[in-house]
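Engineer: Sharing a structure here in structure tokens format.
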């Protein structure tokens with residue numbers, strides 16, 4: 001799993017910065033997580049529950065790698081008992 005780190009120089013105003021594999025930075029967009037979860041299930045309660053926990057876990061950081069976000073989503077799904085969704089999410093991210 002990629003490392004989360006704090007940074008004062010690369011932070012986007014108003015929140016979390018995402019660092020992609022090329023080292024480029026962009027503002028965190030929680031809608032991407034929402035869309036990924038919605039692709040996995042039609043149950044809005046599950047989507048909201050998982051999405052809220054993921055965003056809460058990432059909230060304490062300034063910069064987070066895309067790999068860390070992916071791992072956090074998959075691990076949160078597994079911890080909540082959605083192993084099949086976690087497996088499908090991992091497959092979805094490899095495409």
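Engineer: Mind listing just one residue for me: the one in the stretch 54-71 that is assigned to a helix (DSSP H, G or I) and free of Cβ contacts under 8 Å to residues at least 24 places away in the same chain and, of those, surrounded by the fewest Cβ atoms within 10 Å (Cβ to Cβ)?
Structural biologist: Of the residues in the stretch 54-71, the ones assigned to a helix (DSSP H, G or I) are 54-58, 66-71.
Keeping just the survivors that are free of Cβ contacts under 8 Å to residues at least 24 places away in the same chain gives 54, 56-57, 70.
Working: 54: 21, 56: 10, 57: 17, 70: 19.
The selected residue is 56.
Engineer: Sticking with this one: Return the residues of the stretch 72-86 that are in contact (Cβ under 8 Å) with a residue 12 or more places away in the chain and part of a helix (DSSP H, G or I); say none if nothing qualifies. Let's see the steps before the verdict.
Structural biologist: Applying the first criterion (in contact (Cβ under 8 Å) with a residue 12 or more places away in the chain) to the stretch 72-86 yields 72-74, 76-77, 80, 82, 85-86.
Hits for the stretch 72-86 are 72, 73, 74, 76, 77, 85, 86.
Engineer: Now for a different question. Considering only the stretch 72-95, how many residues are crowded, with 19+ Cβ neighbours inside 10 Å and within 17 Å of residue 28 (Cβ to Cβ)?
Structural biologist: Total meeting the criteria: 3.
Engineer: Could you list, in sequence order, the residues of the stretch 19-34 that are within 11 Å of the chain's Cα centre (by Cα) and more than 14 Å from residue 57 (Cβ to Cβ)?
Structural biologist: First pass over the stretch 19-34, keeping only residues within 11 Å of the chain's Cα centre (by Cα): 28-34.
Residues satisfying the conditions are 29, 31, 32, 34.
Engineer: If I go through the stretch 44-53 residue by residue, how many of them are farther than 14 Å from residue 30 by Cα and exposed (fewer than 15 other Cβ atoms within 10 Å of the Cβ)?
Structural biologist: Taking the stretch 44-53 first, the residues farther than 14 Å from residue 30 by Cα are 44-46.
Going one step further and asking which of them are exposed (fewer than 15 other Cβ atoms within 10 Å of the Cβ), we end up with 44-45.
Looking only at that region, the number is 2.
Engineer: Need the failing condition index for residue 48 against (1) assigned to a helix (DSSP H, G or I); (2) in contact with a helix residue (DSSP H, G or I) (Cβ under 6 Å, 6 or more places away or on another chain), just the number.
Structural biologist: (2)
Engineer: Same structure, new question: May I ask you to list the residues in the stretch 55-73 that are more than 18 Å from residue 20 (Cα to Cα) and touching a helix residue (DSSP H, G or I) at 6+ places or on another chain (Cβ under 9 Å)? Don't jump to the end; show me each part of the working.
Structural biologist: Taking the stretch 55-73 and keeping what is more than 18 Å from residue 20 (Cα to Cα), we get 56-57, 60.
Across the stretch 55-73, the qualifying residue is only 57.
Engineer: Limited to the stretch 24-38, what total is found for residues that are touching a helix residue (DSSP H, G or I) at 6+ places or on another chain (Cβ under 9 Å) and in a helix (DSSP H, G or I)?
Structural biologist: Taking the stretch 24-38 first, the residues touching a helix residue (DSSP H, G or I) at 6+ places or on another chain (Cβ under 9 Å) are 28, 30, 32-34, 36-38.
From the residues that got through so far, the ones that are in a helix (DSSP H, G or I) too are 30, 32-34, 36-38.
So the answer is 7.
All of the numbers you see were taken from the coordinates with simple rules; none came from a lab. Remember, it's a predicted structure, so these values are computed and weren't measured experimentally. Please note: Cβ atoms are built from the backbone with ideal geometry, for glycine as well, and neighbour counts cover all protein chains shown.
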